[in-house]
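What follows is a single structure, written as structure tokens, with notes after it.
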Amino acid sequence: MLNKIKEKFIKDIRQAKDLKELEEICRCCLGRKGELTKILRSLKDLSGEERKEKGQIANQIKKELENLFQEKKLRFTNDLPHRQTNWIDVTAPGILPDQGHLHPLTLVQKEIEEIFQSMGFSVVDGPEVETEQYNFNALNVPKDHPARDLWDTFWLKDLDLLLRTHTSPVQARYMEKNNPPLRIIVPGRCFRHEATDATHDVQFYQFEGLMVGKKVSAVNFKGIIEEFFKQFFKSDVKVRLRPSYFPFVEPGFEVDVKRNGDWLEIMGAGMVHPNVFKEVGYNPNNWQGFAFGAGLERLAMIKYQIDDIRLFYSSDLRFLNQF
Ligand code: FA5
């Protein structure tokens, strides 16, 4: 009788398919009204010798079954879910980790760099925290010059330093250390103490261009900038130069591009002023060149039809994931 019970439950335990089934088997065997429990309880009615003999066997079986229950239970609770059924679906698709991507402004910056590099320009960097000397004085904007009002400046208190208002200071920094002829572009972050709106932010990116040589003229500028827009917008574009004023160029112009029938102002530019050449140690009688400064966000906004500059800095994934 005891052996029959033992074999029956060993078989049941082996065949149990999940924890629930196993617990039910355990209850039928060792629960309060379980088959083995009933036998153990009935031992008290037996005579001394018989009770001793059967008691030993029953307790031995009880231990064995308890161990088997425990072992099987551990397999259900410790194992990974796919092991419970003892198979792994090797053909199941894996779980793809989320992948990041470049920010739209970085994409645009890279594209601009590639286009200018293909025309022989080098990419140059400069500091975001600038001195008054490079941001203004070296660019023909001395102290108290009214043109300083064109750039609302963040001054760093008591340090005689400022956050650069444009990338133009890198023109002077680069020319001081390098001899002409030269062609560079300078992408970088600028800061202005301005109220923000859909097209203005307190921080934004510009890219500066500078080309100096013996005979570099405004015609060269127009040719190069037209080629740049053609490659950047991937279509023929009309470019217009309008007279404008920046103290570090003479003549100065504003560059407009025709998009969907409208002229849009994209950058300031001009022929490098002789005073800037003098300041960096070039002889203005021997060298001439053009410079320009364009807003990177503004170009990105036109290219991707974005109507608010602040979206670039909003960290809004609904916006960023479109790129
Ligand atoms: C300048 O900063 C001159 N340094 C450009 C220059 C360089 C002229 C070399 C001549 C020779 P301006 O302040 O216009 O110019 O700024 C140039 C471009 O920067 C603007 O056309 C605009 O696209 C962008 N920009 C200016 N202010 C902001 C702003 N607050 N937010 C976003 N973009 C801006």
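No lab work stands behind these numbers, since they all come straight from the coordinates. These figures come from a predicted structure and were not determined experimentally. With ideal geometry, Cβ positions are generated from the backbone for all residues, glycine too; neighbour counts draw on all protein chains shown.
Would you compute, from DSSP H runs of 4+ residues alone, the mean residue ellipticity of the chain at 222 nm, taking -39500 (n - 2.57) per run and dividing by the full residue count, rounded to the nearest 500? Don't skip to the answer; put the middle values down first.
On the way: 12 runs with 132 residues, N = 323.
One gets -12500 deg cm²/dmol as the mean residue ellipticity at 222 nm.
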The rounded separation in angstrom of the Cα centers of the stretch 6-43 and the stretch 238-300 is 91
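Relative contact order, percent, of the stretch 104-320 when contacts are C-alpha pairs under 8 Å separated by at least 6 residues? Intermediate results must be reported in sequence, preceding the final value.
Numbers: 401 pairs, mean separation 45.7, N = 217.
Relative CO of the stretch 104-320 lands at 21 percent.
Convex hull over the Cα atoms of the chain, averaged projected area in nm²? Don't skip to the answer; put the middle values down first.
Working: hull surface 125.4 nm².
About 31.4 nm², averaged over all directions.
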Simple SL model, points at 7 angstrom along Cα→Cβ for Glu64 and Lys33; separation in nm is 2.7
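Given R₀ = 25 Å, FRET efficiency for Leu159-Glu194 by Cβ-Cβ distance, to 0.05? Write down the numbers at each step before the final one.
Values: r = 22 Å, r/R0 = 0.86.
Step by step, r from the Cβ atoms, then E = 0.70.
What is the stretch 147-300 by shape, rounded, prolate or oblate, if you read a ≥ b ≥ c off the alpha carbon gyration tensor as root eigenvalues and call it rounded for a/c under 1.5, prolate for a/b larger than b/c, and oblate otherwise? Provide the component values of the computation, followed by the final result.
Values: a/c = 1.87, a/b = 1.03, b/c = 1.83.
Cα axes put the stretch 147-300 in the oblate bin.
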Once both label points are put 7 Å beyond Cα along the C-beta direction, the Lys44-Asp307 separation in nm becomes 8.8
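What is the packing order of peptides 53-59, 248-254, taking the mean over residues of other C-beta atoms within 10 Å and listing the highest first?
Values: 53-59: 14.1, 248-254: 19.6.
For the peptides 53-59, 248-254, the packing ranking is 248-254, 53-59.
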Site Glu176, offset 7 angstrom along Cα→Cβ, radius 20 Å on amide nitrogen, limited to the stretch 269-304, gives 272-284, 291-292
Extension length gain for Thr106 and Val202 (0.36 nm per residue less Cα distance), in nm, is 32.7 nm
Subtracting the Cα-Cα distance of Lys230 and Arg75 from 0.36 nm times their residue separation yields 49.0 nm
Site Arg240, offset 7 angstrom along Cα→Cβ, radius 14 Å on amide nitrogen, limited to the stretch 257-283, gives 257-267
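Would you work out the relative contact order for the stretch 119-164, in percent, from Cα pairs under 8 angstrom that are 6 or more residues apart?
On the way: 33 pairs, mean separation 20.2, N = 46.
Dividing the mean separation by the residue count of the stretch 119-164 yields 44 percent.
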